[in-house]
Amino acid sequence: MLLNVSAASDLIAVLGPTNTGKTHLAVERMLGHASGMIGLPLRLLAREIYDRVSAQRGARAVALITGEEKILPPRPSYFVCTVEAMPLTRPVEFLAVDEVQLVEDAERGHVFTHRLLHARGSRETMLLGAATMAPLVRRLAPDARIMARDRYSALTWSGARKVSRLPRRSAVVAFSAEEVYAIAELIRRQRGGAAVVMGSLSPRTRNAQVALFQSGEVDFLVATDAIGMGLNMDVDHVAFAGLAKFDGKRRRPLHAHEIGQIAGRAGRFRNDGTFGVTAGAQAMDADTVAAVEAHRFDPVAKALWRNGALDFSSLQGLLGSLAEPAPCAELKPSEEALDERVLRQLAADEGLAGRVRDPQTLRRLWDVCQTPDFRKTTFDDHLRLARDLYGQLTGARERVADEWMAEGLQRLDRLDGGIDAISTRLAGVRTLAFISHRPDWLADAAHWRERTRTIEDRLSDALHEQLMARFVDQRTSALLRGLGARRELLAGIDAEGLVSVEGFGVGHLRGLTFSAVKGSGALEQKALRRAAEQVIGPEINRRLGALAAEPHAAFSLSPEGLILWRGSAVAIPGGQRPLAPAARLLTGLGSPVARARAEQRLSAWLGVEMRRRFAGLARLERALAGDDLRGLARGLVWRLVEAGGVVERSPIEADLRSLSRVERRALRQLGVRIGAFSLHLPSQLRRDTAPFAEALARGNDGRAWTMGLRGNVRLGETAVSALELERLAEALREAPRRDGGAVLDKAALDRLGLTSSQAETLLRGLGFVPTNGNGSDEPIAWRRRRAARDASRPRHSPFAVLGALAPASPSRSRGRKHVRRA
């Protein structure tokens, strides 16, 4: 090898066909490290993985970085990105690159090659891809350990079928928007409706369309080859509507490995899948079928390469460095990419070239050239955009003008027109969204990110509705006519909440929630639900109005975490902070105004209940709002409020030791107790707060502060009662002494509800060690180590022993003024 590639401590290439769990394995391995980054081939897949990781680790721990969207919390541990957007300057313990076989892709191959050669985690790196990459990985990264994985399920050829004969849960793959729409229209007429998925759709529209398919409301999906890149859907059969595609330059036949990648979407986990052709597509030859079924394809011979060490000393130096030849035979120079074409055109413009004064302005020019062409209009149009951007960025203000952004968004913020018109506007918004994620390009990037996101969501929802109306909903009126609905609907709601339309029971209305019965088909069910909504809409608005006028006594919180209105579940509690609750209605029915009033009423009730039941926490919040609380005490009170009233002691030990007498007195006056193992509010450990806190925690699943409201401390992955910890500390203080340690005899352990082995595990985890000199039949004497415990507690904490115990009945504090650490 001629390349000098820095190796990570452990480099693993996980190679195999689709449905082998490669991406799932990488995500699990990433979460096993303190920090990690994964690069994915599609922004839609990146969003899917981001949602999964956020659900497991919390949104504060995960960043999402794509060309169009950035969610970047202050201190993320994990980065989910598109491959192009990976921030490789951020050091992480684990790093993964998915679908590395794209090193041979004409447009993006050089990016994947760069990641294969240079992207590394400090402890572990995973390269995920097809088995065809094995020989090339051995040559380009000889230190890599190759892990082959077999497909979980079988994939078999089922031949050609008409659209009318396709099995349920089928995905039909076409290779242009026009083909996708034509096939979806055919399925609508013959089979009842189809969802549509294309790479050009926004994540919001795509998710809505996938949900349409996943829920079973439609049984067919029509998509481009974007589904071949790891999007997870329950597809049993993949039907190709053609075996050729336009690759940006010409229309060519699909390669066998491309067919295998797409066909592999059929079958999930242990469920076998099938593939075939439809809509008049030419049948596959026997050799291709055999290769796809056996997952045997020609190995990737070379990776496309472009120099990553660019010269920014001068414009000519940059152009020259981009044209450098590949350093070894395994790498093939990539063809001129869009960013290079734009750079060469702008470099020929003497006016713009004259603005390149130093390496900084040259880097800015290169950044502008790398603006993606989401609009896919003409090269000249894209070039004009790049010229305009660079002109503004090197002008007097050195920023993209707010007026320019506002004018562009105003032009795009329209919902009229059909599917193509809205799709075109969405592409324009994606371009402006990309710009809004460059804080060095805009004076107020956060403002423009919010504006573009709002408009993109509105257009996405409108596009989803247009797709629904065109490919699913248009037979609804015909179905209603078949049910005898040519006149005003005969409908009503009886005393039991049964909703009837034209004599058919279509669902039940309980409180504010409507539950529809399942029809015999997707269109029938949708039509019946729509007819029912015409009936229940006015009733829902009437009930929302009545709810908004109710007194506090009409509401309660169920043990399951649901807000009840006169016994019926109507909302779930939410909110970013414990004392700023916000209720969210369970139903999506009713007018926006009536819904908003009802939610405000429920939020007000929840806020009153929170401050009444957690008065100590409310007192701390009032103290933070004033100016009297200062220094370390203020910081500790802030942490208590954010944590819901209980904070583990070990992370704040240094702050506690540094507290002055005045600061300690201020904490005591606010009802804060510095316990042996936690900082907490004894008032929150009362018996009457526990059920409400538990119910609130269920309704706010995932909120960290619910742990404190319940009087618990999170130690590792275990919730431990602060009251139980204080009981342990009290037992240690009152225990007899021997050899400088405390002896917990059997009676003491029985009072704590611990066995001797459980006590030993727990005490050792707390930093206690047995003293010398105890006899074999005598209870062990325990003393605290002199050295402070390591703050980085192991993942499987010994506190799990205490957390597994049945909780003792809460009792009131015995009123000690100060608790010394045992």
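Things worth noting here:
- Residue 417 vs. criteria assigned to a loop (DSSP other than H, G, I, E, B) and either in contact with a helix residue (DSSP H, G or I) (Cβ under 6 Å, 6 or more places away or on another chain) or exposed (fewer than 15 other Cβ atoms within 10 Å of the Cβ) (or both): yes
- Residue in the range 81-89 that is of a type in the set (S, T, N, Q) and either part of a strand (DSSP E or B) or within 18 Å of residue 372 (Cα to Cα) (or both) present: yes
- Sole exception among (1) crowded, with 19+ Cβ neighbours inside 10 Å; (2) outside any loop (DSSP other than H, G, I, E, B) for residue 120, by number: (2)
- Residue in the range 186-205 that is nearest to residue 434 (Cα to Cα), counting only those that are open to solvent by 40 Å² or more (accessible area, probe 1.4 Å) and not polar (S, T, N, Q): 204
- Scanning the range 451-467 for residues that are open to solvent by 10 Å² or more (accessible area, probe 1.4 Å) and within 28 Å of residue 366 (Cβ to Cβ) returns 451, 453, 456.
- Set 238, 277: member being on the phi < 0 side of the Ramachandran plot, in contact with a Lys or Arg (Cβ under 6 Å, 6 or more places away or on another chain) and open to solvent by less than 20 Å² (accessible area, probe 1.4 Å): 238
- Residue in the range 124-142 that is more than 21 Å from residue 299 (Cβ to Cβ), of a type in the set (Val, Ile, Thr) and either at pLDDT 95 or above or crowded, with 16+ Cβ neighbours inside 10 Å (or both) present: yes
- Meets criteria (under 19 Å from the mean Cα position of the chain (by Cα) and open to solvent by less than 40 Å² (accessible area, probe 1.4 Å)) for residue 67: yes
- Scanning the range 28-46 for residues that are out of contact with any strand residue (DSSP E or B) (no Cβ under 7 Å at 6 or more places or on another chain) and either charged (D, E, K, R) or within 20 Å of residue 147 (Cα to Cα) (or both), we see that the one that is most open to solvent (accessible area, probe 1.4 Å) is 28.
- Residues located in the range 432-444, provided they are open to solvent by less than 10 Å² (accessible area, probe 1.4 Å) and either over 16 Å from residue 459 (Cβ atoms) or in contact with a Lys or Arg (Cβ under 6 Å, 6 or more places away or on another chain) (or both): 435, 436, 441, 442
- Restricting the range 300-334 to residues that are of a type in the set (Asp, Glu) and in contact with a Leu (Cβ under 8 Å, 6 or more places away or on another chain), the residue that is farthest from residue 364 (Cα to Cα) is 330.
- Scope the range 311-337; condition crowded, with 17+ Cβ neighbours inside 10 Å, out of contact with any Pro (no Cβ under 6 Å at 6 or more places or on another chain) and touching a residue at least 24 places away in the same chain (Cβ under 8 Å); matching residues: 315, 318, 330, 331, 332, 334, 337
- Every residue from the range 594-603 that is under 30 Å from the mean Cα position of the chain (by Cα) and more than 24 Å from residue 516 (Cβ to Cβ): 596, 600, 602, 603
- Single residue of the range 720-753 satisfying the filter (in a helix (DSSP H, G or I), open to solvent by 70 Å² or more (accessible area, probe 1.4 Å) and without any contact (Cβ under 8 Å) to a residue 40 or more places away in the chain) that is farthest from residue 679 (Cα to Cα): 746
- In the range 754-763 there is at least one residue that is at pLDDT below 75 and in a helix (DSSP H, G or I).
- Consider the range 155-177 and keep the residues that are surrounded by fewer than 21 Cβ atoms within 10 Å (Cβ to Cβ) and among the polar types (S, T, N, Q). The one that is nearest to residue 271 (Cα to Cα) is 156.
- Meeting the requirement of 1 or more residues that are farther than 18 Å from residue 616 by Cα and within 36 Å of the chain's Cα centre (by Cα), the helices (runs of 4 or more DSSP H) wholly within the range 626-681 are 631-642, 653-658.
The values are calculated or read from the model by the stated rules, or taken from the named source; none is laboratory data. In this text the structure is predicted, and so the values were computed from the model without any measurement. Neighbour counts run over all protein chains shown; Cβ positions are idealised from the backbone, glycine included. The area values use the complete protein model at the heavy-atom level, side chains included, leaving out ligands, DNA and RNA. Shrake-Rupley method; radii C 1.70, N 1.55, O 1.52, S 1.80 Å.
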